[in-house]
Amino acid sequence: MAPPDVSPARALSFGAIAEDYDRFRPGPPVEAVRWIVPPHRHLAVDIGAGTGALTRLLVDAVERVVAAEPDLRMAALLARNVPGADVVSARAEELPLDTGIADAVVGASMWHWVDPERAAVEVARVLRPGGVLGLLWSGPDRTQPWVADVLTAARPQGNADAARGRRHRHDGGLPADAPFSEPETHTVEWSLPVTRSSLVELACTYSEFIILSENEKTARRQAVTDAVLAHQAGGADDEFVLPMRCQCWRAQRRT
Ligand SMILES: C[S@@+](CC[C@H](N)C(=O)[O-])C[C@H]1O[C@@H](n2cnc3c(N)ncnc32)[C@H](O)[C@@H]1O
């Protein structure tokens, strides 16, 4: 179930472009995973796992990984991409897992799509006491004006307010009585080599673009292309640097 101010169609829009999402949307950096998942853990649950951008890093860090994803089109690629994870079809609000079983429950670029009240209760149930809820929001660094211009161009015009509303939810947003310690935060910055076309495709992997009509998509894609060209007018295949930023959030299940 999506939070009250988000349409379920948007929360589950990514499956419509699952292959493009998987190809063009960069995952979080390994440094962020190291920060949210302490070493020597047995079981981590990746919620809203999508096509496995975070899951594939977790399988190298944790003995057993359960990857939960409610959209079957995303889950099919997840199973293909990360055969070492156990894939389950589930929302974060209702996980088919035993109580107190997980050392860590983690999610990347997904907590703003869940009902945080219900998901917090469910995650607290699945975590063992002392286990960690770790959340990441990873993507192009919108604090850089040219990057903001490119990503804003993919949105329906006049939707900047909605975008601002979504950004402020980039934290755990747990209910006051949820059984978690005071959260800690951390930011990781890095650079991603892109070409003009890969950056255009990346900008078109966000839900506000995915749910547009075909006509609107054509207009928005052109606006994104123009914004990219304004920054990088070199050859079509020239690589340039996209600044990236990952906001990390973690809190421990109280004992
Ligand atoms: C932006 S994608 C992030 C996917 C992946 N974690 C990543 O970093 O690429 C958001 C994912 O959350 C999933 N999702 C939507 N509503 C959800 C819910 N209530 N519980 C769990 N996942 C949900 C979507 O299907 C989608 O795969």
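All of the numbers you see were taken from the coordinates with simple rules; none came from a lab. What you see is a predicted model; the values in this text were computed from it and never measured. Don't worry about glycine lacking a Cβ; one is built from the backbone with ideal geometry, like all the others, and counts go over all protein chains shown.
Nearest 5 percent is fine: what portion of the DSSP beta bridges confined to the chain is antiparallel?
The antiparallel proportion sits near 55 percent.
So if I take the centroid of the Cα atoms in the range 29-102 and the same for the range 199-216, what is the distance between those two points in Å?
26 Å
For the range 53-127, what does the relative contact order come out to in percent, with C-alpha contacts under 8 Å and a separation of six or more?
29 percent
Find, among the GluC sites (Glu not before Pro) in the range 206-245, those assigned to loop by DSSP (not H, G, I, E, B) with at most 10 other beta-carbon atoms within 10 angstrom.
Taking the range 206-245 and a limit of 10 other Cβ atoms within 10 Å, no loop GluC sites (Glu not before Pro) are found.
Distance in nm between label sites at S191 and R254, each 7 Å beyond Cα in the beta-carbon direction?
Placing both labels 7 Å beyond Cα along the Cβ direction yields 4.5 nm.
Comparing L57, L212, L77, which has the greatest mean-square fluctuation in the GNM of the chain with Cα pairs linked when under 10 Å apart?
It is L212.
Collect residues whose amide H, placed 1.01 Å from N in the peptide plane, falls under 5 Å from the amide H of A92; neighbours closer than 5 in sequence don't count.
G48
Can you compute the modelled spin-label distance between H40 and A76, with each label point 7 Å from Cα toward Cβ, in nm?
4.3 nm
Compute the acute angle (0 to 90°) between the alpha-carbon long axis of helix 72-81 and the principal axis of greatest extent of the alpha-carbon atoms of the chain; round to the nearest 10°.
Long axis of 72-81 versus the principal axis of the chain: about 80 degrees.
How far, in nm, would the chain grow between I101 and I211 when pulled straight, counting 0.36 nm per residue and subtracting the alpha carbon separation?
Full-extension gain reported as 35.9 nm.
Which peptide among 139-149, 18-28, 41-51 comes first, and what is the full order, when sorted by highest mean count of other Cβ atoms within 10 Å?
In descending order of packing, they fall as 41-51, 18-28, 139-149.
Under 10 Å, Cα contacts only: if you run a Gaussian network model on the chain, which one of A236, A92, A32 comes out with the highest mean-square fluctuation?
Judging by the Gaussian network model, the answer is A236.
Summing -39500 (n - 2.57) over the DSSP H runs of n ≥ 4 in the chain and dividing by its residue number, what mean residue ellipticity at 222 nm do you reach, to the nearest 500 deg cm²/dmol?
Value at 222 nm, helices only, nearest 500: -9500 deg cm²/dmol.
Could you tell me what a quarter of the Cα convex hull surface of the chain works out to, in nm² with one decimal place?
So the mean shadow area of the Cα hull is 12.9 nm².
Among A108, W249, A154, whose Cα lies farthest out toward the positive end of the dipole of the chain, if unit charges sit on the beta carbon of Lys, Arg (+1) and Asp, Glu (-1)?
W249
Note down the relative contact order for the range 7-68 as a percent, whole number, built from C-alpha pairs under 8 angstrom at least six residues apart.
33 percent
Give the relative contact order (percent, whole number) for the chain; include only Cα pairs under 8 Å separated by 6+ residues.
24 percent
Report the full-extension gain for the segment E31 to E94: residue separation times 0.36 nm, less the Cα-Cα distance, to one decimal in nm. Don't skip to the answer; put the middle values down first.
Values: separation 63, 0.36 × 63 = 22.68 nm, distance 2.89 nm.
Extra length available between E31 and E94 comes to 19.8 nm.
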